[in-house]
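Working notes for the structure below.
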Amino acid sequence: MATPAKAAVKKKIQFWGTGRRKKAIARVRLTHGSGKITVNDRSIDDYFGLETLKLIVNQPLELTTSKEKYDIAVNVKGGGFTGQAGAIRHGISRALLEADIALKPLLKKEGFLTRDSRMKERKKPGLKKARKASQFSKR
């Protein structure tokens with residue numbers, strides 16, 4: 001049986017979204033707040049050095065005008081910085097969709113809900129990389 005003190009504690013509403021791009025996987029948690037973005041327990045400014053990557057991450061928030069509405073906590077692993085930024089954008093878009101289904105046409109139109117299926121091509125036998133071969137000489 002719950003005591004009145006425990007019952008009075010308000011549960012924080014959270015919205016989850018998982019984003020993927022290349023080898024990167026991002027788990028995104030949206031909570032109502034002031035617009036603070038944390039990536040792997042570091043601020044977004046510390047984690048991403050390039051402004052273009054920060055811009056990619058913020059695109060769904062600016063599109064839906066919900067930048068100051070939510071605090072975002074992200075756990076991302078795998079891939080490089082660009083892939084991780086794309087995965088975070090995908091995860092934020094999915095979490096926003098969970099928070100408000102009315103945003104679906106807006107996010108869908110911009111392509112933020114579509115999983116980027118491009119992956120690294122596998123290395124073929126006899127080649128140095130996926131397509132790189134040693135130089136051909138006729139004689």
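General observations
- Meeting the requirement of 1 or more residues that are farther than 19 Å from L107 by Cβ and of a type in the set (S, T, Y), the strands (runs of 3 or more DSSP E) wholly within segment 23-84 are 24-32, 37-39.
- Single residue of K36, K69, K22 found to be more than 23 Å from K12 (Cβ to Cβ) and charged (D, E, K, R): K22
- Flag for E62 being among the acidic types (D, E), without any contact (Cβ under 8 Å) to a residue 24 or more places away in the chain and surrounded by 10 or more Cβ atoms within 10 Å (Cβ to Cβ): yes
- Residues of segment 76-93 satisfying the condition of being polar (S, T, N, Q) and surrounded by fewer than 17 Cβ atoms within 10 Å (Cβ to Cβ): T82
- No other residue among A99, A95, A130 is closer than 16 Å to R20 by Cα and not aromatic (F, W, Y) apart from A95.
- On inspection, R118 passes the criterion of being more than 11 Å from the chain's Cα centre (by Cα), basic (K, R) and either part of a loop (DSSP other than H, G, I, E, B) or at pLDDT 90 or above (or both).
- A73 touching a residue at least 60 places away in the same chain (Cβ under 8 Å), farther than 18 Å from K23 by Cα, surrounded by 15 or more Cβ atoms within 10 Å (Cβ to Cβ) and not aromatic (F, W, Y): no
- When segment 103-134 is filtered for residues that are closer than 20 Å to G83 by Cα and of a type in the set (S, T, N, Q), the ones remaining, listed by number, are T114, S117.
- Complete set of residues in segment 113-128 that are surrounded by 10 or more Cβ atoms within 10 Å (Cβ to Cβ) and free of Cβ contacts under 8 Å to residues at least 24 places away in the same chain: L113, T114, K123, K124, L127, K128
- Residue within segment 94-112 that is surrounded by 13 or more Cβ atoms within 10 Å (Cβ to Cβ) and of a type in the set (G, A, S) present: yes
The values are calculated or read from the model by the stated rules, or taken from the named source; none is laboratory data. Because the structure is a prediction, the values reported are computed rather than measured. Neighbour counts run over all protein chains shown; Cβ positions are idealised from the backbone, glycine included.
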